[in-house]
1. Convert each backbone phi in region 299-311 into a coupling constant with the Karplus relation 6.51 cos²θ - 1.76 cosθ + 1.60 (shift: θ = phi - 60°), then list the ³J(HN,Hα) values in order as whole Hz, x for Gly and Pro.
2. Probe 1.4 Å, all protein chains in place: accessible area of Glu226 in Å², nearest 10?
3. Along each of the three principal axes of the Cα atoms of region 101-161, give the extent in whole Å, ordering the values from largest to smallest.
4. With a 1.4 Å probe and all protein chains left in place, how much of the accessible area of region 232-324 comes from carbon and sulfur atoms, in whole percent?
5. In what order, largest first, do Ile80, Ile224 sit by accessible area if the probe radius is 1.4 Å?
6. Pick out, from Ser94, Pro38, Phe71, the residue whose Cα sits farthest towards the positive end of the charge dipole of the chain, with +1 on the Cβ of Lys and Arg and -1 on the Cβ of Asp and Glu.
7. Highest GNM mean-square fluctuation, the chain, Cα pairs closer than 10 Å: which of Glu218, Glu124, Glu205?
8. In nm, give the distance between the simple-model label positions of His359 and Lys227, each being 7 Å from the Cα along the Cα-to-Cβ direction.
Amino acid sequence: MSVLPTTNYQLLFNYLCTLKLAIMNTSKIYFTNLRTTPSSNLLDKLERVVKRAGITNIDFKNQFVAIKIHFGEPGNLAYIRPNYAARMATLLRSLGAKPFLTDTNTLYSGKRSNAVDHLQSVMENGFNPISAKCDVIIADGLKGTDYKEIPIGGDYCKAPKIGTAVADADIIISMNHFKGHEQSGFGGALKNLGMGCASVGGKLELHSASQPVVDREECVSCRICEKYCAHDAIHLDENRIAVINYDKCVGCGQCVALCQYSAAIMGEGDTSERLNYKIAEYTKAVLKDKSHFHISFIMNISPECDCWNHNDAAIVPDLGIAASFDPVALDQACADLITAAPVLEGNRLTDAHSHDEIHGKDKFCLIHPDTNWKAGLEYAEKIGIGTRQYELVKV
């Protein structure tokens, strides 16, 4: 019998230790496609996948459960349907929970910047106690000033300002519509939690380094940025070129997202990475000392956020529903699934790129080249929210 040299034994031992560590640091992502039968519709599949992922292992009895969801800006039709929220609320109630649907007010202008308008928008988009089987609480109150600071000692945000209803909840369940995002690259679990649970003041902190600039040569005087600036910070000058008043600008980035001519752009002091780092820290604060679980709907994958009053054509086909206890692994898995998915015709991606340029590439970076979602997941992993390593379990 041949004997391996000692050095080879050591190499084998090191390899096995590395493999064991990798397995230990891998999170399971449970995934179901959207195929149905007369005896198993999508609501049934949603319930099945979350149960397989272990949601029933959480002790929900008499616990206040915040179901964090984006209700969608009126006019946008890509948000998660109320039917899914209703099934989740019904399941949680059967487990003894006291569930409620929640979101926070927005920093930018629109129909969700205060609780009165926000609740009206919620109703318009179909979320009510009859359709969604659940009441809605706007987490940061009437004007976005109802919040609690949760100390985490982050490098960027020491004590994130989290909407009180979320901060006071015993358990957090996130229901995420996975789609592109003009500043963070994509919106998934981390974006829904970190940005979506921040009070208006918290959102201001998240965007505090995001004051944009105007490339005067690219401005076409369309005035869209002026029309939609919630803080009256941008106007056309005597040459009909957009000019930003930085005494009023809060850095929300709405003008950057709105401009179709690349005239409004991020300033040199700001990066997508920095925003994603802050979102990760806010997510850490939201989940601190709480049981939590996360569900992502990989469907209606529009190029931009559901905060807009429209949704552009989807970039890839609807893929499925994924669930996990780990929001970092969940975001990574969803991004990987979309990277591997075939592209649809007739959308912003195919308008700008050939199929050869798109195949196997990061579709979100192609749509939003100035963003870097990977940096956000790497940082989230670094600060202990979860891992980017995952095992995909098909249900």
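1. 7, 6, 7, 7, x, 10, 5, 6, 6, 7, 7, 7, 9
2. It works out to around 40 Å².
3. 42, 26, 16
4. Details: 1610 of 3560 Å².
That share works out to 45 percent.
5. Working: Ile80 10, Ile224 65 Å².
Reading off the accessible areas and sorting them downward yields Ile224, Ile80.
6. Of Ser94, Pro38, Phe71, it is Ser94.
7. Glu218
8. Placing both labels 7 Å along Cα→Cβ, they lie 4.1 nm apart.
The values are calculated or read from the model by the stated rules, or taken from the named source; none is laboratory data. On a predicted model such as this, the values are computed, not experimentally measured, just so you know. Cβ coordinates were reconstructed from backbone atoms using ideal geometry, including for glycine residues, and neighbour counts include every protein chain displayed. Each accessible area value is taken on the protein alone, full model and side chains, heavy atoms only, with ligands, DNA and RNA left out. Shrake-Rupley method; radii C 1.70, N 1.55, O 1.52, S 1.80 Å.
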